[in-house]
1. What number of residues in the stretch 236-260 are more than 24 Å from the chain's Cα centre (by Cα), crowded, with 20+ Cβ neighbours inside 10 Å and in contact (Cβ under 8 Å) with a residue 60 or more places away in the chain?
2. Please pick out the residue among Thr399, Thr424 that is within 30 Å of Asp349 (Cβ to Cβ) and surrounded by fewer than 23 Cβ atoms within 10 Å (Cβ to Cβ).
3. Could you pull out the residue among Val174, Val220, Val201 that is modelled with pLDDT under 95, surrounded by 21 or more Cβ atoms within 10 Å (Cβ to Cβ) and either among the aliphatic types (A, V, I, L, M) or in contact with a Leu (Cβ under 7 Å, 6 or more places away or on another chain) (or both)?
4. Looking only at the stretch 335-352, count every residue that is surrounded by 13 or more Cβ atoms within 10 Å (Cβ to Cβ), of a type in the set (Gly, Ala, Ser) and over 32 Å from the mean Cα position of the chain (by Cα) and tell me the total.
5. Out of the residues in the stretch 316-334 meeting the condition of being among the hydrophobic types (A, V, I, L, M, F, W, C) and exposed (fewer than 13 other Cβ atoms within 10 Å of the Cβ), tell me which one is farthest from Gly225 (Cα to Cα).
6. Quick one: His142 ticks every box in (1) surrounded by fewer than 16 Cβ atoms within 10 Å (Cβ to Cβ); (2) at pLDDT 95 or above; (3) within 29 Å of Ser32 (Cβ to Cβ) bar one, so which box is it?
7. Here is a list: Asp436, Asp357. Which entry is among the acidic types (Asp, Glu), over 22 Å from Gly217 (Cβ atoms) and not assigned by TED's automatic domain parsing to the domain that holds Ile458?
8. For residues in the stretch 263-296 being of a type in the set (A, V, I, L, M) and in a helix (DSSP H, G or I), which is nearest to Gly212 (Cα to Cα)?
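The values are calculated or read from the model by the stated rules, or taken from the named source; none is laboratory data. From a predicted model like this one, the values you see are computed outputs, not experimental measurements. As a convention, Cβ positions derive from the backbone with ideal geometry for all residues, glycine included, and neighbour counts pool all protein chains shown.
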Amino acid sequence: MNHQELLTRQVFTLVDALWSYGMEEVVISPGSRSTPLAIAAELHPGIKTYIHPDERSAAFFALGLSKAYHSPVGIICTSGTAAANYTPAMAEADLSHIPLIALTADRPHELRDTGAPQSIDQNNMYRNYVKFYTELPLADMHATAVELIESKILQCAKYFTGIDIGPVHINIPVREPLMPDVTMLELFHRTQKHSPGYRMVDASADQFEGTGLLFIGETVEDITGIERVVDRDGLTVIADPRQHLRKSLKNAVTHHDLIFNALSDEQYKFIEENVDFILRIGEPLTSKAANKFLAATKIPQYVISELQSVKTYPVSPAASYTGRVTDTLEHLVFSGGNARFKNWLTDIDGFITEYIDEHISDFSDEGRFTYNIIQSTREERSFFLSSSMPIRDMERYDTLNVHSIYANRGANGIDGVVSSALGTAVKRPVTLMIGDIALYHDMNGLIISKLEGIDINIIVFNNNGGGIFSFLPQYSDKNHFERLFGTPLDLDFTHTAALYDFNHITVAEVDEIDGDLVNRPGRNLIEIKTDRDKNLKEHQKLKNDIAEMVKAIEH
């Protein structure tokens, strides 16, 4: 076989083997060295490809494609710093357990460390963030070439599902000429394999006696169906905004951040004396106040982890269980307990909901806007929330709990939020809520909406700076705050909307938020201009008012 045939056999086999283990979507960033990989993905009959010219945004877009179902998604780029731009998304994928497959083209070995252009050390370059790494040999005539690829993909695919799910990296050095033989489609001949799924580890039937608190964070698994196990008088469920179970589980506590921020010493003592165990399921919660409570309490804690790498934050548990949440719960026996504590905590949660619904018209800050947006948004629309204020405002002001909510909370960064939201919007109607700095940080990501015709509603709170910092101790140092933390950018997003073919709507008053605005079809950039200082004062007022109410509730 000549070089072209050998190269074609290698890359077509690679792509087909990955497809057989579930890679049905690939995001390609154009480049020369990655030509054979891009063409292989484009020609494969079972793969949907997307073209994104910015590698950093492309990787976050792929992460968004995988977000809801944790399906393996490929990303293809050329050699050099193109591959380095995948790093932030690979870090987020690692911490969020997203099976990204980085396929990085590379220079052949004779061009490395010689000063050849577009050549950097790509060997295991994501070593801190991937579950698996391999580098393929240069395409050659060795009899085991195809078998090697199949063996490597078999090893790689174990991280596409299960207790070790996460990103992987395959580096592919390629010699010129780079064009494969586009007629060799017979190499796409494999059938798709069934996922091995999860296996239980520590499948013991442990007994949990008495009254329990269940903190349920985001999970890879859709845990709808566990209601029959956890909906009992002796168990009180606290659900993170990203946990979709809160939509179906009655009496789930969702205002826990406000509650744990407000507890009196007597109420804290009541919890300590009336709760026998705490069970934490899935990822750590968003709420800082809830995590501070977990770090301080003396109540014994246990963790159900879907992943082999158990996340112990905010405090190490007495014991942990690893495997599917539903399977693990089937092996746990709950007995005893009574409804007294559950009624007390769920009543507080209900009182907070009623208080917000009744008094929200007294406010006009970003929280009030968020409340109106939630109330006006149809249930079938999902929210994608930027880190910092949007996720926290959703947690505080959502009194409906009917929407699916997504966010990049693995590394909690603001990079790639736009791209991840657009990836999620490929498969469902999405409203992205974001601040001006986070939108600026990933404006390049908007191009994919134009190239692929992806509809999305983007609501940007433009408070001319980093609003979250106003809630931190740095705010007290007025001499340095604005320059170092407030960072006003004075951006006019009408130009952004025009550049990327978005409709631009400016909102000045809360009353302008209605169903027609927030549910409109197409690509819409809704800009809400707010004041950071006013936002801080009104947020704190509502928090303090609710704290006084909570402290007055007897047990």
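1. 2
2. Details: Thr424 fails: surrounded by fewer than 23 Cβ atoms within 10 Å (Cβ to Cβ).
The conditions single out Thr399.
3. Step by step, each of Val174, Val220, Val201 is checked, and only Val220 is modelled with pLDDT under 95, surrounded by 21 or more Cβ atoms within 10 Å (Cβ to Cβ) and either among the aliphatic types (A, V, I, L, M) or in contact with a Leu (Cβ under 7 Å, 6 or more places away or on another chain) (or both).
4. Selection size over the stretch 335-352: 3.
5. Restricting to residues being among the hydrophobic types (A, V, I, L, M, F, W, C) and exposed (fewer than 13 other Cβ atoms within 10 Å of the Cβ), the top hit is Ala318.
6. Of everything listed in (1) surrounded by fewer than 16 Cβ atoms within 10 Å (Cβ to Cβ); (2) at pLDDT 95 or above; (3) within 29 Å of Ser32 (Cβ to Cβ), His142 misses just condition (2).
7. Asp357
8. Ile271
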